[in-house]
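*Asks:* Below you'll find the structure I mean.
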Amino acid sequence: MSRLPSAPPSRCDHLLHAPREGQWHGWRGALLAAAALALSASAAAGSLSANEQLGKQIFNDESLSFNGNQSCASCHGPEAGWTGPDADVNVGSSVYEGSIAGRFGNRKPPSSAYATASPILHYTNRKKEAVFVGGNFWDGRATGERLGNPAADQAQGPFLNPLEQALGTPADVIGRICAGGYASLFKQVWGADACDADKVDAAYDQAALSVMAFEASTESSAYTAKYDHYLKGQAKLTPQERLGLAMFRGKGRCAACHTLEKGRKDVPPLFTDFTFDNLGLPRNPDNRFYHNADFNPLGVDSVALGLGGFLASRADYAGLAAANLGKQKVPTLRNVDKRPHPDFVKAYGHNGYFKSLKSIVHFYNTRDVKPTCPDPFTSEADALAMNCWPEPEVPENVNDTELGNLRLTPAQEDALVAFLKTLSDGYRP
């Protein structure tokens, strides 16, 4: 057995993961402190601060891409719960095309809302097992170790990812920001010299911290779902929604990972414990990444190794990689059903295999009950028609204790779906 490396301590609140004393020095510590002040000021005012407004501008700026055609919002649309906003993409591959035509990522966009609550990636020892907590991206590779919050680390990734916004260097990003219509706001927030040529590295971190501030703002992480009003005594759940909540807490075992406990300072539940799990999800046969020959030489043999794949790249964590192969980040369930209109198709799971809440709930309930489909690339629609489920994309480390044979009735499945629909922001009691 591999010896477990020492786990760093972790502190977090719902807006910003605070640095440990002495952890950051110089301008990075000052940036983080400024971001924290901006976040708290905005929360108190109930409107966007200058820093959050700057983050919103960066988040929506299509010029920050190789062909000037893709922004963060292109894959994280507020109308779709801050995830994939194109129903035609969601119904098929679920992975989004980057700024350069023909280049696709390999996973569905996770929600960018509520992401700032995730702590810096670390692990805790539970029953002699290293359980990883925190980070961002499905595989946790945006650890938060660099900028003090995983959401800030994550914000820097897509700009330079050749499969996404595909810019070459931080200088390319900052050059476009400083040549754009909100350059004065960038200088207002981060100083008159923020666009100086010798400040590029600092400015790139500052831009990421502003995006993080927007993601933590009341516009993005709003806490205005029906369930939030229910907790305040301002709304009542229907009988079906109450049954769904009971299933969520009990027989459905959902709350084991999508926690219902309030956070620090009485923050409403985030519906995630920030851990990682391999749920045994099948491959998505429509995943366009399989055909990205220049970036995926394995073709259809490629699998999403999740946290384990990232840990293998780290000398300090490589010994724990095998035990975490296939594990993906437990997402928040907030806005899980938010959509611009009732017929809009959303995709679920790290690879977007499932096309409805009903379907993924049914999978959780019956994964280990139904026979295995003969073709591992069986689509969701065909699997439902054939009354089978394909084999897991990654067979190692599948969670077989908290899902797979929940013995829920069809009415209880429907009740769970009804409850999940109470988690969409924008509800007016």
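*Asks:* Any residue in the range 273-292 that's free of Cβ contacts under 8 Å to residues at least 24 places away in the same chain: show its pairings with residues that are in a helix (DSSP H, G or I) and not small (G, A, S) at Cβ separation under 7 Å, as long as the two are six or more apart or on different chains.
*Replies:* As it stands, the answer is Y290/V300, since those pairs meet every condition given.
*Asks:* Could you tell me how many of the residues in the range 91-144 are touching a helix residue (DSSP H, G or I) at 6+ places or on another chain (Cβ under 7 Å) and acidic (D, E)?
*Replies:* 1
*Asks:* Which of the residues spanning the range 271-290 are more than 18 Å from V394 (Cβ to Cβ) and part of a loop (DSSP other than H, G, I, E, B)?
*Replies:* F271, T272, D273, F274, D286
*Asks:* Moving on to the next point. Within the range 157-166, which residues are surrounded by fewer than 21 Cβ atoms within 10 Å (Cβ to Cβ) and farther than 13 Å from G105 by Cβ?
*Replies:* Across the range 157-166, the qualifying residue is only L160.
*Asks:* Restricting the search to the range 360-369, which residues are surrounded by 15 or more Cβ atoms within 10 Å (Cβ to Cβ) and out of contact with any Leu (no Cβ under 7 Å at 6 or more places or on another chain)?
*Replies:* Correct list: I360, H362, F363, T366.
*Asks:* Go through the residues of the range 124-147 one by one and say whether even a single one is farther than 26 Å from N278 by Cβ and either among the hydrophobic types (A, V, I, L, M, F, W, C) or crowded, with 24+ Cβ neighbours inside 10 Å (or both).
*Replies:* Yes; the residues of the range 124-147 include at least one that is farther than 26 Å from N278 by Cβ and either among the hydrophobic types (A, V, I, L, M, F, W, C) or crowded, with 24+ Cβ neighbours inside 10 Å (or both).
*Asks:* Tell me, yes or no, whether the range 236-245 has at least one residue that is among the polar types (S, T, N, Q) and farther than 25 Å from E97 by Cβ.
*Replies:* yes
*Asks:* Return the residues of the range 392-409 that are of a type outside the set (K, R) and surrounded by fewer than 16 Cβ atoms within 10 Å (Cβ to Cβ); say none if nothing qualifies.
*Replies:* Hits for the range 392-409 are P395, E396, D400, T401, E402, N405, T409.
*Asks:* Within the set of pairs 6 or more residues apart or between chains, which connect a residue that is under 18 Å from P268 (Cα atoms) and in contact (Cβ under 8 Å) with a residue 60 or more places away in the chain inside the range 233-244 to a residue that is basic (K, R) and surrounded by 15 or more Cβ atoms within 10 Å (Cβ to Cβ) with Cβ atoms less than 7 Å apart?
*Replies:* That search, which allows pairs on different chains as well, returns A235/K226.
*Asks:* I'd like the residue in the range 111-134 that is farther than 14 Å from M212 by Cβ and either part of a loop (DSSP other than H, G, I, E, B) or of a type in the set (K, R) (or both) and, out of all such residues, is nearest to the chain's Cα centre (by Cα).
*Replies:* If we take residues in the range 111-134 being farther than 14 Å from M212 by Cβ and either part of a loop (DSSP other than H, G, I, E, B) or of a type in the set (K, R) (or both), then S111 is nearest to the chain's Cα centre (by Cα).
*Asks:* Quick one: C388 ticks every box in (1) touching a helix residue (DSSP H, G or I) at 6+ places or on another chain (Cβ under 8 Å); (2) over 30 Å from S118 (Cα atoms); (3) among the hydrophobic types (A, V, I, L, M, F, W, C) bar one, so which box is it?
*Replies:* C388 satisfies all of (1) touching a helix residue (DSSP H, G or I) at 6+ places or on another chain (Cβ under 8 Å); (2) over 30 Å from S118 (Cα atoms); (3) among the hydrophobic types (A, V, I, L, M, F, W, C) except (1).
*Asks:* Only one of K262, K236, K251 is within 22 Å of the chain's Cα centre (by Cα) and outside any helix (DSSP H, G or I); which?
*Replies:* Going through K262, K236, K251 in turn, just one is within 22 Å of the chain's Cα centre (by Cα) and outside any helix (DSSP H, G or I): K262.
*Asks:* Quick check: anything in the range 250-257 under 26 Å from N90 (Cβ atoms) and either surrounded by fewer than 23 Cβ atoms within 10 Å (Cβ to Cβ) or of a type in the set (F, W, Y) (or both)?
*Replies:* Yes, the conditions are met somewhere in the range 250-257.
*Asks:* At pLDDT 95 or above and in contact with a Leu (Cβ under 7 Å, 6 or more places away or on another chain), is that true of A235?
*Replies:* No: the conditions fail for A235.
*Asks:* Hey, V95 hits all of (1) of a type in the set (A, V, I, L, M); (2) assigned to a loop (DSSP other than H, G, I, E, B); (3) closer than 26 Å to D201 by Cβ but one; which does it fall short on?
*Replies:* With respect to (1) of a type in the set (A, V, I, L, M); (2) assigned to a loop (DSSP other than H, G, I, E, B); (3) closer than 26 Å to D201 by Cβ, V95 is out only on (3).
*Asks:* Does the range 295-346 hold any residues that are surrounded by fewer than 20 Cβ atoms within 10 Å (Cβ to Cβ), assigned to a helix (DSSP H, G or I) and in contact (Cβ under 8 Å) with a residue 60 or more places away in the chain, and which are they?
*Replies:* Matches in the range 295-346: V300, G309, G319, A322, A323.
*Asks:* Which condition breaks for F310 when tested against (1) hydrophobic (A, V, I, L, M, F, W, C); (2) closer than 29 Å to H122 by Cβ; (3) touching a helix residue (DSSP H, G or I) at 6+ places or on another chain (Cβ under 8 Å)?
*Replies:* The single condition F310 does not satisfy is (3).
The values are calculated or read from the model by the stated rules, or taken from the named source; none is laboratory data. Keep in mind the model is a prediction, meaning the values are calculated, not measured. Positions of Cβ are backbone-derived with ideal geometry, glycine not excepted, and every protein chain shown enters the neighbour counts.
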